[in-house]
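The values are calculated or read from the model by the stated rules, or taken from the named source; none is laboratory data. Quantities reported herein were computed from a predicted structural model and do not represent experimental measurements. Here the Cβ positions follow ideal geometry from the backbone for every residue, glycine too, while neighbour counts run over all protein chains shown.
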């Protein structure tokens, strides 16, 4: 019964989405009398989607094997957390989660948005409903998560053990919230293009959504990178895997949007530009979903292959992106360009930021899709990997990092002051960092060396906007910007240090023997068998000493029975100046064990930097929301006084 | 700047960015795209010595041998038409077996493929797209050994 409740809720939600879309047409033609109805429909539709998703969680939590999806992706012996997380660790469940977030975001838009004109809001709600409708149809006709099996089998087929990890249980929801948060920016842009009301009010309404989505995407990407680092046992943090690129592309577009939206909000300029970016950002989310969910790319994140679903998703993508671009082509040209600005100004700085981000996005997009394109056209199979992305996107990213120090110092509209004077101290710091790397590490390669130098400069330059005024008086949004830009410098140091100073050791050792890696002596004490709820493993006991410090580590190789799989569970010890990363392999014929050890100085700064970037976004979001609340209450007071 | 000129400049800048992205990507792809090779490609001399690439195929039966240091293995990757010897230093995953598919990342040195990473990892269902057809042939009972 529970599964049927979910299915019914899904059908009802789809019906309401259709009504909501039709009401938009009415609203645009004959005025906004239907506003109240439309808002309530959006809220109910969101609630129904939530009900459908909750029922899926329940059938997974209870291991109801009569539901085909549970049978295929779960098993009775799994730990409870992974039973529940298994609900979105598969195709149907994750698409249901996607559409649920889309509908709930629509509901919040209906409840919270008071800053745009009513007509634009209604148009945006209609666009959001149309988006949801396509994905409801996809679920109901091509990927029903509630399909039953008869008779119900006693146990399921299990979940890919790689996905049985607390990090991964929360990774997809975070990314999806980010992806789908951008749908609101998309809908608001489409709504504003329909009504022609592209102005700074719209930008202020859109900004919190973009900020929130961007923070979640940043967190999702950072967490995903750390997950790949410790779970895959290769010691790398970014693989330029198509699935990773699928989350990077919306992030790049959202980052550009985040900056240009400030120009629209503050100066009323870059109207068409910002609308275009809002359309592109969510289009990239859909491209990402298509790449991951259609099975068109089989990567380390193994997903099912089903051509019918791929075609359906591709059709949805083509319709939505095509319609938005057509609308943009029709309306974009008639938008009046806002306040003018000079060549040297904050606006220009943000335009340059946007241009570089767009070029990086284009490069990643082409590199990710090129193999598909070639295979479709000529049948030839090839892959594009790290050498391409590092060589082409790497220098662009460094160039952008260099400019990040300058942009925030520029004044709006026109900069006449000698701004470069302020940058003398940061530039000297960068040169000092460069000199230190030349003295201490003469054999460093060029990119890591540049990275360290740039990070030294950027760390100092990024705090200048706070130095210029009283730091405690600065708005929260300025603090957010400073923290996020500082985060870039921090992450750069981590990446450069990891690339240049990692030491690695791979050898076979008998119990009692010692290996040296970096400053560490690592002794293999013993190897013992251990067992978990649904796995058995061999576990190595390692004793690592550095000077007087002693720690123990216990890496494992785990064997899962359903599905039969093996994973290397690395053991990592974290210190302020780096991580000791250990993996145990198999036993040699002589009885010795394979050990792989890494000492990675300052590698944690990569994710710490990512977290700082997200924190910066969160601060900016808080600042904007706080201003919003204060302004609203002062408006209310003003009204009270006026009418009292 | 006049608003109208400003818009013109912005449109030109946007177009320049798109053009730059495409040109940069094409430049990058020219050297680095044909990054996936089969043993037949290598036998035909398509792959350059020392260039980073991926090698894909089946691990030939009876070809895995361990070197004295205990962590280096030698094996032969075949696609039914040609063979490439591979040298790998590292911990091989359990699912890396003779007769099953594998993708190795590394470079070609004097006719031997020196691998840094072996991607046939973790999941028995995992199959790189480039190997999809090979695996299907394999499953259909066509043997790859001569």
Can you find even one residue in the stretch A:397-418 that is at the interface with chain B (Cβ under 8 Å from one of its Cβ atoms), buried (at least 20 other Cβ atoms within 10 Å of the Cβ) and touching a helix residue (DSSP H, G or I) at 6+ places or on another chain (Cβ under 6 Å)?
-> no
Give A:431, A:372 a once-over and let me know the one that is within 14 Å of chain B (Cβ to nearest Cβ) and assigned to a helix (DSSP H, G or I).
-> A:372
Applying the selection to the stretch A:60-74, what residues are closer than 13 Å to residue A:89 by Cα and outside any helix (DSSP H, G or I)?
-> A:74
Please indicate, with yes or no, whether at least one residue in the stretch B:58-68 is assigned to a helix (DSSP H, G or I) and either free of Cβ contacts under 8 Å to residues at least 40 places away in the same chain or under 25 Å from the mean Cα position of the chain (by Cα) (or both).
-> no
Filter the stretch A:47-67 down to residues that are surrounded by 18 or more Cβ atoms within 10 Å (Cβ to Cβ) and touching a strand residue (DSSP E or B) at 6+ places or on another chain (Cβ under 7 Å) and give me whichever is modelled with the lowest pLDDT.
-> A:67
Just wondering, is there one or more residues in the stretch A:28-46 that are crowded, with 18+ Cβ neighbours inside 10 Å, closer than 30 Å to residue A:560 by Cα and out of contact with any strand residue (DSSP E or B) (no Cβ under 7 Å at 6 or more places or on another chain)?
-> no
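Conditions tested, residue by residue: (1) assigned to a helix (DSSP H, G or I); (2) touching a residue at least 60 places away in the same chain (Cβ under 8 Å); (3) more than 12 Å from the chain's Cα centre (by Cα).
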site: A:173; (1), (2), (3): yes, yes, no
site: A:180; (1), (2), (3): yes, yes, no
site: A:192; (1), (2), (3): yes, yes, yes
site: A:197; (1), (2), (3): no, yes, yes
site: A:201; (1), (2), (3): yes, yes, yes
site: A:219; (1), (2), (3): yes, yes, no
site: A:247; (1), (2), (3): yes, yes, no
site: A:254; (1), (2), (3): yes, yes, no
site: A:264; (1), (2), (3): yes, yes, yes
Could you tell me whether any residue of the stretch B:45-53 is touching a helix residue (DSSP H, G or I) at 6+ places or on another chain (Cβ under 8 Å), buried (at least 17 other Cβ atoms within 10 Å of the Cβ) and without any contact (Cβ under 8 Å) to a residue 12 or more places away in the chain?
-> no
Residues (more than 25 Å from residue A:240 (Cβ to Cβ), within 14 Å of chain A (Cβ to nearest Cβ) and touching a residue at least 24 places away in the same chain (Cβ under 8 Å)) located in the stretch B:80-99 | B:97
Across (1) over 35 Å from the mean Cα position of the chain (by Cα); (2) within 14 Å of another protein chain (Cβ to nearest Cβ); (3) assigned to a strand (DSSP E or B), residue A:590 clears everything bar (3)
Only unsatisfied item for residue A:516, checking (1) within 14 Å of chain B (Cβ to nearest Cβ); (2) under 29 Å from residue B:67 (Cβ atoms), is (1)
The stretch B:2-44: number of residues that are at pLDDT 80 or above, buried (at least 17 other Cβ atoms within 10 Å of the Cβ), within 30 Å of residue B:104 (Cβ to Cβ) and at the interface with another protein chain (Cβ under 8 Å from one of its Cβ atoms) = 4
In this structure, does residue A:251 turn out to be at pLDDT 90 or above, under 25 Å from residue A:394 (Cα atoms) and either surrounded by 24 or more Cβ atoms within 10 Å (Cβ to Cβ) or within 14 Å of chain B (Cβ to nearest Cβ) (or both)?
-> yes
How many residues, within the stretch A:538-557, are away from chain B (no Cβ under 14 Å) and either at positive phi or part of a strand (DSSP E or B) (or both)?
-> 13
So, in the stretch B:104-119, of the ones that are assigned to a strand (DSSP E or B) and facing chain A (nearest Cβ under 9 Å), which residue ends up surrounded by the most Cβ atoms within 10 Å (Cβ to Cβ)?
-> B:105
Somewhere in the stretch B:84-100, is a residue on the phi > 0 side of the Ramachandran plot, in contact with a strand residue (DSSP E or B) (Cβ under 7 Å, 6 or more places away or on another chain) and part of a loop (DSSP other than H, G, I, E, B)?
-> yes
Determine whether residue A:367 is surrounded by 15 or more Cβ atoms within 10 Å (Cβ to Cβ), in contact (Cβ under 8 Å) with a residue 60 or more places away in the chain, at the interface with chain B (Cβ under 10 Å from one of its Cβ atoms) and part of a helix (DSSP H, G or I).
-> yes
Residues that are in contact (Cβ under 8 Å) with a residue 40 or more places away in the chain and either surrounded by fewer than 20 Cβ atoms within 10 Å (Cβ to Cβ) or more than 8 Å from chain B (Cβ to nearest Cβ) (or both), drawn from the stretch A:339-353 | A:339, A:340, A:342, A:344, A:345, A:346, A:347, A:348, A:349, A:350, A:352, A:353
Answer with yes or no whether residue A:87 is without any contact (Cβ under 8 Å) to a residue 40 or more places away in the chain and not in a loop (DSSP other than H, G, I, E, B).
-> yes
Which ones in the stretch A:558-586 are free of Cβ contacts under 8 Å to residues at least 12 places away in the same chain, part of a strand (DSSP E or B) and closer than 25 Å to residue B:119 by Cβ?
-> A:566
